[in-house]
Every structure is written in C-alpha cells, then in structure tokens.
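In what follows, a single structure is set out as structure tokens and then discussed.
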Amino acid sequence: MALVGWAVLLALFFIYQGLALVSGPNFPTISDMLDAVTRSVVGRWVLFAVWLWLGWHLFVRGWQFFLRD
C-alpha cells in the first residue's frame, strides 16, 4: 500500500511539473517555487528543517539497529 501511495505522489509531481512546463510562465514550476523560498536565509533554514524532519519521519523513526541483539 505504501508503494502505491509513493507512486501516486510521484505521478502527481510529474503531472504538475509537466503542466507547468507546457502552460508557460503563468504557471510556476517546482524549481520556481524553490527559488522563491531559498532567496532568503530564513527560507533556506526552514526548507532545511523541513527536509530533516521529513527524512527523520520517513526513514529513521522506528528502525531497530541491526547489531543490537
């Protein structure tokens, strides 16, 4: 079920990006949005904090160290 969720999110990402590229400058792409966020130092720190939080909750939380037992 998780793979289906990731596939749907990835498909939505590519659909949005494709529509943004086809429609021209009126529709911002993902890189345009990231450029707007990372122009300021605060935006860079917020994006970094979100990246750390997301990585922790998706990949690290709940893992058991394989050499523990």
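Numbers at a glance
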{"read-out": "Ratio Rg/Rh, restricted to the chain and using Cα atoms, in which Rh is the Kirkwood radius", "value": "1.13"}
{"read-out": "Approximate spin-label separation residue 1-residue 21, in nm, with each point projected 7 Å along Cα-to-Cβ", "value": "3.4"}
{"read-out": "Rounded FRET efficiency, nearest 0.05, which uses the C-beta distance separating residue 9 from residue 38 and R0 of 35 Å", "value": "0.95"}
{"read-out": "Carbon plus sulfur fraction of accessible area for the chain, probe 1.4 Å, in percent", "value": "75"}
{"read-out": "Under the span-like rule (Cα at least 18 Å along the axis, Kyte-Doolittle mean at least 0.5), DSSP H helices of the chain", "value": "2-23, 41-55"}
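The values are calculated or read from the model by the stated rules, or taken from the named source; none is laboratory data. Note that the coordinates shown come from a computational prediction; the quantities given were computed from them, not determined experimentally. A quick note on method: Cβ atoms are made from the backbone with ideal geometry, for glycine too, and the neighbour counts reach across all protein chains shown. Remember, those area values only see protein heavy atoms, side chains included, never the ligands or the DNA or RNA. Shrake-Rupley method; radii C 1.70, N 1.55, O 1.52, S 1.80 Å.
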